[in-house]
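The values are calculated or read from the model by the stated rules, or taken from the named source; none is laboratory data. Just so it is clear, the structure is predicted and the values come from calculations on it, not from any experiment. With ideal geometry, Cβ positions are generated from the backbone for all residues, glycine too; neighbour counts draw on all protein chains shown. The protein model used for the area step is the full one, side chains on, heavy atoms only, and it has no ligands, DNA or RNA in it. Shrake-Rupley method; radii C 1.70, N 1.55, O 1.52, S 1.80 Å.
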Amino acid sequence: MRLTVFASVLTCAIPAFSQSIYDIWTTTWDRSSLFTYTNLSPNPINFKSPGSIGSADIVINDAQTYQSVWGFGASLTDSSALVLNNLKKKNSDSYWKLLKYLFVPTDGANSAGFSYLRIPLGASDFSASVYSLDDVSGDTSMQHFNISKTPSYVFSVLQDIRSINNVLRIHLLPWSPPAWMKDSGTMNGGNFLDQYTTAYATYLLKALQAYKSKGIGVYAIGIQNEPENSNPTYPTCIMTPAQEAAVAKVLRSLMNKNGFSSVKIIGYDHNWVDGSGYPIQLLNDDSSDFAGVAFHCYAGSVSQQDAFHAAYPKKDIFFTECSGTYGSDWWSDIKWYMDNIFIGAIEHNAHSGLMWNLALDGNGAPMLPGTNSCSPACRPVVTVNSDGSWSVNQEYYSMAQASKAILPRDAGGPWGKRIGVSVGGSQNWALRVGAFVTGRANSKDWLRYSLVVLNWADNTNGVWNPTPVKTTIEFRGKQATYTFPVGVTTLWWYAPNEGHSKRADLGDSTVEFMNVTDAGFDLPDEASFDAAVDADSAFDETLYSKSNGEKIQRTRFQ
């Protein structure tokens, strides 16, 4: 449920405070900088009275706000957990150093702050063997459901990550139902059988309960990974939109009755190419039980997310899987990732950006014996070597640059929200830009504004020629100037909230303050309104005007 409450914006004049850019993170094409932090104190880049524009001109419209971004990350497959657990045994100090470099979410820390993990329920193509959590044929009441079929190191590594990142979102998803629920009689390929709709929903509920029993809160759950894929060499399953919707309807009811009403059900989880097909059909069959859908990168283009967004603009979009392969070009990969996922998918309304395996060895292993799912070998976010060393790959640097822009500025504070941005100037083609605003835990503190900028001007008429781009940044009638190197740059500054729109991201709900003074309402001042937000009961039914006590009914919408 999304809640909108209308309130007055402060009408007093806000002083023209100056803003300055002190903080910059950079990854360059030649690897001379690799997620490198620079603090410009005592000589920051100041926003001044505007002059002539640079070769490129970034124009920020902070009155134009879009979705919150809830994190970047990867999948903690059985294989990823195994190689990380082996690293812990081999070199505990190195293991903890890696986890901190990946997951510490603290603002300004030397870490990517990855905050979203997808975890397979049962086997995937990155497991030691094929298994489900209930392999007893016909056990529709799930008497033999056993979460311990999952390797213990999955939970030990997950708990270690959670000890570092307390804002981690966990998304559970099966690669196949148990074999006995399918016409193939195996988890590898085949079709789901309708007669097991309730049994399968119970299976998924049991998974949520099992995670809860381990003290692990789950953010979201899916019905079937890649429901249009029936590869016979690893766990896969064909599941029609109608079948997935039927399972979700039963599952949602079971979840609501068993204390999991806040957990999202996310559908589809497959390629962009069918963005105007399966996910829309899925919500046409059942729009009430799905929070939204997720996309993968392996076929189609990121713009195909837009078809779903147009059909269901109030439903969430997630981007949850893409994998690089060993042997590809480092800089070409970074350009593609930023253009299509970590700027691109977010630009097309995604709340997340995830890669596939979090960790593997240098051969893209271990994999399920006999699977053909990765050829050439899939590259993880981090390569872990048998000697206890590790190295992060281009997937890390791409995501880390984006993650820095949206992590909460304060403990318990809101996540970054995408805002309006455009690029002009003679070299506008050279920059791909994402812009974000991050609210504060204390409403009196200045907001953080962030830019993620890809400069991909690396050739002239087909001749290799990496060219830095002198760029002006236009913000609230002021102008700053920065020369972006070829690579990815994340920078931020702080500015007061001028009341264009103030949103507080409260998990699954949003409270929005909008300018309605023209409607003649006499509403509370901002401080009183903030106090009302903090006091849950103040929003029970109505909000009272400070001056005359008239009740103003709040507006709800899905």
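Within segment 25-40, restricting attention to residues that are open to solvent by 50 Å² or more (accessible area, probe 1.4 Å) and either among the aromatic types (Phe, Trp, Tyr) or in a loop (DSSP other than H, G, I, E, B) (or both), the residue that is farthest from ASN455 (Cα to Cα) is TYR37.
Look through SER176, SER129, SER141, SER156 and report the one residue that is small (Gly, Ala, Ser), touching a residue at least 60 places away in the same chain (Cβ under 8 Å) and crowded, with 23+ Cβ neighbours inside 10 Å. Of SER176, SER129, SER141, SER156, the one residue that is small (Gly, Ala, Ser), touching a residue at least 60 places away in the same chain (Cβ under 8 Å) and crowded, with 23+ Cβ neighbours inside 10 Å is SER176.
Residue count for segment 180-231 under the criterion of being in contact with a Leu (Cβ under 8 Å, 6 or more places away or on another chain) and β-branched (Val, Ile, Thr): the result is 5. With respect to the conditions (1) surrounded by fewer than 22 Cβ atoms within 10 Å (Cβ to Cβ); (2) in contact with a helix residue (DSSP H, G or I) (Cβ under 8 Å, 6 or more places away or on another chain), GLY113 falls short on a single one, namely (1). Within segment 394-413, the set of residues being open to solvent by 20 Å² or more (accessible area, probe 1.4 Å) and in a loop (DSSP other than H, G, I, E, B) comprises ARG409, ASP410, ALA411, GLY412. Among the conditions (1) modelled with pLDDT of 95 or more; (2) surrounded by 18 or more Cβ atoms within 10 Å (Cβ to Cβ), ASN43 misses just one, which is (2). Hey, any hits in segment 358-365 for a residue that's modelled with pLDDT of 95 or more, among the polar types (S, T, N, Q) and open to solvent by 40 Å² or more (accessible area, probe 1.4 Å)? Within segment 358-365, one or more residues are modelled with pLDDT of 95 or more, among the polar types (S, T, N, Q) and open to solvent by 40 Å² or more (accessible area, probe 1.4 Å). Applying the criterion of being open to solvent by 10 Å² or more (accessible area, probe 1.4 Å) and not in a loop (DSSP other than H, G, I, E, B) to the residues of segment 228-248, the residue that is nearest to GLY267 (Cα to Cα) is PRO241. The residue that is nearest to HIS348 (Cα to Cα), among those in segment 434-459 that are within 19 Å of the chain's Cα centre (by Cα) and either among the aromatic types (Phe, Trp, Tyr) or assigned by the TED database to the domain that holds HIS348 (or both), is PHE436. Reported count of residues in segment 371-393, each being open to solvent by 40 Å² or more (accessible area, probe 1.4 Å) and of a type in the set (Val, Ile, Thr), is 0.
Test TRP70 against the stated conditions and say whether it is in a helix (DSSP H, G or I) and hydrophobic (A, V, I, L, M, F, W, C). In short, no.
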